[in-house]
Amino acid sequence: MKTALITGGAQRIGAQIAQTLHNDGYNIIIHYRHSKQAAETLAQELNTQRNNSATTIQAELSNLDDIKALSQSIERLDVLVNNASVFYPTPVKEATPDTWYTIMNTNLMAPFFLSQSLTNVLNKTSGCIINLVDIHAQRPLKNHAIYNISKAGIAMMTKTLAKELAPNIRVCGVSPGSIIWPENEAELTDAQKNKMLNKIALGKQGSALDIANTVLFLANSSYITGQIISVDGGRTLNQ
């Protein structure tokens, strides 16, 4: 039975990835930072469908000690999905070292060192790493300087690791467009949402399932590595 670890797997896109991989027969490790209840609820749902098929694990991925402890607890792994990230505005004039470290540590440092620390177990299964990138890794989103930079970094990390970890480990990426509206401090106004939707060639927002199905495709595609697939409804055609 193949096993997948999804970081930030308790909610939103991460939860859908966990459900989709589980439906394909994977055992699932749901990582969470603060969303303990959501993670345990999802694991219970998956275990109801197939006994002992889902577990949860807590870690602060911006902390290298937590990354080490997480990796040491995993004995077998076929797929690592680096999904966890933070997203909120950081206009250049308002950016601070604290916001830089918070975003870069979670969005870039954590996926790199988690991938590094799990290389040995992934080697044993000829496994793969799938990174959640972003279409703004190529075309920056205004007022989100640090986030853009972090996602550009993970795009290059995807290609770099694909080259260095071959031939035993494949590394790919998925770049979502507009999938789920951002929340909290990143929440958009109706006018901003409409402006965004008008740029999408297909004329509508995507769903978390669109991203999860692409992750599943890459996880099961044994002759694809170093590639990043945009799932954006054609939005990058109009940016």
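Observations on the structure shown:
- Given (1) under 21 Å from S221 (Cα atoms); (2) in contact with a helix residue (DSSP H, G or I) (Cβ under 9 Å, 6 or more places away or on another chain), index of the condition P91 fails: (1)
- Filter result (in contact with an Asp or Glu (Cβ under 9 Å, 6 or more places away or on another chain) and either at pLDDT 95 or above or within 13 Å of R170 (Cβ to Cβ) (or both)) within the range 186-230: L216, A219, N220
- Flag not set for A152, criterion: of a type in the set (G, A, S), crowded, with 18+ Cβ neighbours inside 10 Å and modelled with pLDDT of 95 or more.
- Those helices (runs of 4 or more DSSP H) of the range 141-239 in which 1 or more residues are closer than 20 Å to L77 by Cβ and without any contact (Cβ under 8 Å) to a residue 40 or more places away in the chain occupy 145-165, 208-219.
- Out of E60, E75, sole residue that is surrounded by fewer than 23 Cβ atoms within 10 Å (Cβ to Cβ), touching a residue at least 12 places away in the same chain (Cβ under 8 Å) and in contact with a helix residue (DSSP H, G or I) (Cβ under 6 Å, 6 or more places away or on another chain): E60
- Filter result for N83 (touching a residue at least 24 places away in the same chain (Cβ under 8 Å) and surrounded by fewer than 24 Cβ atoms within 10 Å (Cβ to Cβ)): no
- Test: residue in the range 117-125 that is in a helix (DSSP H, G or I), modelled with pLDDT under 95 and surrounded by 20 or more Cβ atoms within 10 Å (Cβ to Cβ): no
Conditions (1) under 17 Å from the mean Cα position of the chain (by Cα); (2) surrounded by 19 or more Cβ atoms within 10 Å (Cβ to Cβ); (3) under 23 Å from F113 (Cα atoms), marked per residue:
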site: H144; (1), (2), (3): no, yes, no
site: M157; (1), (2), (3): yes, yes, yes
site: A162; (1), (2), (3): yes, yes, yes
site: P167; (1), (2), (3): no, no, yes
site: C172; (1), (2), (3): yes, yes, yes
site: K195; (1), (2), (3): no, no, no
site: I200; (1), (2), (3): no, yes, no
site: S207; (1), (2), (3): yes, no, no
site: S230; (1), (2), (3): yes, yes, no
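- For I135, the conditions (1) over 13 Å from D232 (Cβ atoms); (2) surrounded by 15 or more Cβ atoms within 10 Å (Cβ to Cβ); (3) touching a helix residue (DSSP H, G or I) at 6+ places or on another chain (Cβ under 6 Å) are fulfilled apart from (1).
The values are calculated or read from the model by the stated rules, or taken from the named source; none is laboratory data. Here the structure is a predicted model, which is why all the values come from computation and not from measurement. All Cβ positions, even for glycine, are placed from backbone atoms using ideal geometry, and neighbour counts span all protein chains on display.
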